[in-house]
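Below: the structure, in structure tokens.
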């Protein structure tokens, strides 16, 4: 049993360090409520590149915002990750947060989900496999090597970013690692289709699902961005729509639309075990004698054995580079 938190708060738009500082403030806040896990939206740092929906690619506003967005993408590790790591250490918090990542020696940006442990260690990094629609003008494609869970004392945590959650094979790869909490940072504003998908994932994986949407209002934009005239005065540009779903596919917190808020839930891992007694997608319903799954040419077992699910996976696929796992404070300028 433990409290988990879905943090629906706006980014400090196109200011990566200020975003990290805001995340640190919210980590402190949820710690006061007894939470052990804090989940932030997709690309919380440095914000949603929604100008792609409002400006022509060859327009001056588009080019100006595109350049600023790229400049505010972060390297991992870096000062922004150290800011979050320090908050995790101070408040004994596990964190999942969406960022836009720029490798130190490459020009391609990635839509990345970062995991921090309560000691400030970066436990994992997942790059979004398939940017959606015009997102392909912003982010590159992940290569699949980051489809892994993290193990914490409270639960096995995994996640997918936005429409990756509609990819059944990507979900299954995480299920095979014993996932108990699934985080789903998103830019979707909590539509009926999205919430139905979150309930389906909870039902299919028999686990907790924490969906955290991006809240962004015209009033949250810096004056120089608002002055471009792309966005209607006072408009809610993204309503958030965050929700928490239990292993019985019931929404137990949210959905929250159009407001800055933090959703909490008591997430009892015993509920995942009980729910799997009737259906276990990678156990007694796995039927590995009939079906097979491979990732990058490596066969993934569809039925979890007696050993740790993580121990069954190939080092070639699942190993996280030490430059990423090590405490951010001990590195400067390393490539992510």
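The values are calculated or read from the model by the stated rules, or taken from the named source; none is laboratory data. Everything quoted here is computed from the prediction, not taken from an experiment. Cβ atoms come from the backbone with ideal geometry, glycine included; neighbour counts cover every protein chain shown.
When residues in segment 110-142 are screened for being in a loop (DSSP other than H, G, I, E, B), touching a residue at least 40 places away in the same chain (Cβ under 8 Å) and surrounded by fewer than 17 Cβ atoms within 10 Å (Cβ to Cβ), 1 of them pass.
Could you tell me whether residue 107 is buried (at least 17 other Cβ atoms within 10 Å of the Cβ) and either in a loop (DSSP other than H, G, I, E, B) or under 18 Å from the mean Cα position of the chain (by Cα) (or both)? Break it down into steps so the answer makes sense when it comes.
Details: buried (at least 17 other Cβ atoms within 10 Å of the Cβ): no; either in a loop (DSSP other than H, G, I, E, B) or under 18 Å from the mean Cα position of the chain (by Cα) (or both): yes.
The answer is no for residue 107.
Close contacts from segment 34-52, counting a first residue that is at positive phi and a second that is at pLDDT 95 or above and assigned to a loop (DSSP other than H, G, I, E, B), with Cβ to Cβ under 6 Å and a gap of 6+ residues or different chains, come to 47/11; 47/13; 47/14. Which one of these is under 24 Å from the mean Cα position of the chain (by Cα) and without any contact (Cβ under 8 Å) to a residue 60 or more places away in the chain: 210, 262, 251? Exactly one residue qualifies, and that residue is 251. For residue 129, indicate whether it is farther than 18 Å from residue 153 by Cα and within 13 Å of the chain's Cα centre (by Cα). So residue 129 passes the test. Among the residues of segment 201-208, are any within 15 Å of residue 159 (Cβ to Cβ), at pLDDT 95 or above and touching a helix residue (DSSP H, G or I) at 6+ places or on another chain (Cβ under 6 Å)? Yes. Please determine whether any residue of segment 285-300 is in contact (Cβ under 8 Å) with a residue 24 or more places away in the chain, on the phi > 0 side of the Ramachandran plot and out of contact with any strand residue (DSSP E or B) (no Cβ under 7 Å at 6 or more places or on another chain). Yes: one or more hits. When 27, 84, 97, 76 are checked against the criterion of being touching a strand residue (DSSP E or B) at 6+ places or on another chain (Cβ under 7 Å), assigned to a strand (DSSP E or B), within 23 Å of residue 124 (Cα to Cα) and touching a residue at least 40 places away in the same chain (Cβ under 8 Å), 97 stands alone in meeting it.
Looking at this structure, is residue 67 touching a strand residue (DSSP E or B) at 6+ places or on another chain (Cβ under 6 Å), in a helix (DSSP H, G or I) and either on the phi < 0 side of the Ramachandran plot or free of Cβ contacts under 8 Å to residues at least 24 places away in the same chain (or both)? Taking the combined requirement at face value, the residue does not satisfy it.
When residue 192 is tested against the conditions (1) surrounded by 16 or more Cβ atoms within 10 Å (Cβ to Cβ); (2) without any contact (Cβ under 8 Å) to a residue 24 or more places away in the chain; (3) closer than 30 Å to residue 285 by Cα, the lone failure is (1).
Residues checked against (1) modelled with pLDDT under 95; (2) surrounded by 24 or more Cβ atoms within 10 Å (Cβ to Cβ); (3) in contact with a helix residue (DSSP H, G or I) (Cβ under 6 Å, 6 or more places away or on another chain):
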residue	(1), (2), (3)
6	no, yes, no
10	no, no, yes
29	no, no, no
32	no, no, no
53	yes, no, no
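If you scan segment 222-244, which residues turn out to be touching a residue at least 40 places away in the same chain (Cβ under 8 Å) and touching a strand residue (DSSP E or B) at 6+ places or on another chain (Cβ under 8 Å)? Scanning segment 222-244 gives 231, 237, 238, 239, 240, 241, 242, 243, 244.
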